[in-house]
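For reference, the structure is listed below as structure tokens.
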Amino acid sequence: MLVAVFLFRKIMSYKKREELFSKLEEIRIDMEKYLNEYLLQLLKNKELTEYELEILFQPFDEDAPELVKVHSVNDKGELLLTFEYFDGTIQNEEVEMEQLRFDALFQLIELLEQLVE
């Protein structure tokens with residue numbers, strides 16, 4: 001009897017987890033769409049370095065996120081971040097929203113909304 005109860009709870013927790021992650025993915029899609037189709041379009045061709053905006057960015061091959069500066073939004077409405085490499089090279093590179101962690105995406109929206117109000 002105890003085994004059946006344990007298995008039932010385990011199955012229910014997996015279902016709940018799956019449901020929550022599905023909702024989280026829907027929210028992420030909506031956030032990316034809001035950023036790409038609204039906020040970044042309003043900030044096209046805008047240099048953002050003067051605002052000293054920073055977000056956490058975690059490269060795919062790294063274990064921990066690093067703090068990077070938001071550089072600008074180019075004429076295509078793409079976000080450019082400033083990366084400093086191990087050899088001291090500083091480079092502005094465009095990033096896709098899929099590359100941002102959920103918390104960084106949320107943080108970016110909060111920061112950019114302040115600039116378009």
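The values are calculated or read from the model by the stated rules, or taken from the named source; none is laboratory data. Model, not experiment: these values are computed from the prediction. FYI the Cβ positions are ideal-geometry reconstructions off the backbone, even for glycines, and counts take in every protein chain you see. The protein model used for the area step is the full one, side chains on, heavy atoms only, and it has no ligands, DNA or RNA in it. Shrake-Rupley method; radii C 1.70, N 1.55, O 1.52, S 1.80 Å.
In table form, for the structure just shown:
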| quantity | calculated |
| --- | --- |
| Formal net charge of residues neighbouring Phe83 (Cβ-Cβ distance under 10 Å; K, R +1; D, E -1) | -2 |
| Helical contribution to [θ] at 222 nm, DSSP H n ≥ 4, -39,500 (n - 2.57), averaged over the chain, rounded to 500 | -14500 deg cm²/dmol |
| Dipole magnitude of segment 60-109 about its Cα centre (Cβ charges: Lys, Arg +1; Asp, Glu -1), debye to nearest 20 | 280 |
| Environment charge at Phe102 (Cβ cut-off 15 Å; Lys +1, Arg +1, Asp -1, Glu -1) | -4 |
| Net charge over other residues, Cβ less than 13 angstrom from the Cβ of Leu67 (K, R count +1; D, E count -1) | -4 |
| Gyration tensor verdict on the chain (Cα atoms; rounded if a/c is under 1.5, prolate if a/b is larger than b/c, oblate otherwise) | prolate |
| Accessible surface, per residue, of the chain when the full set of protein chains is kept, probe 1.4 Å, Å² | 72 |
| Carbon + sulfur, % of accessible area of the chain - ligands and nucleic acids excluded, 1.4 Å | 54 |
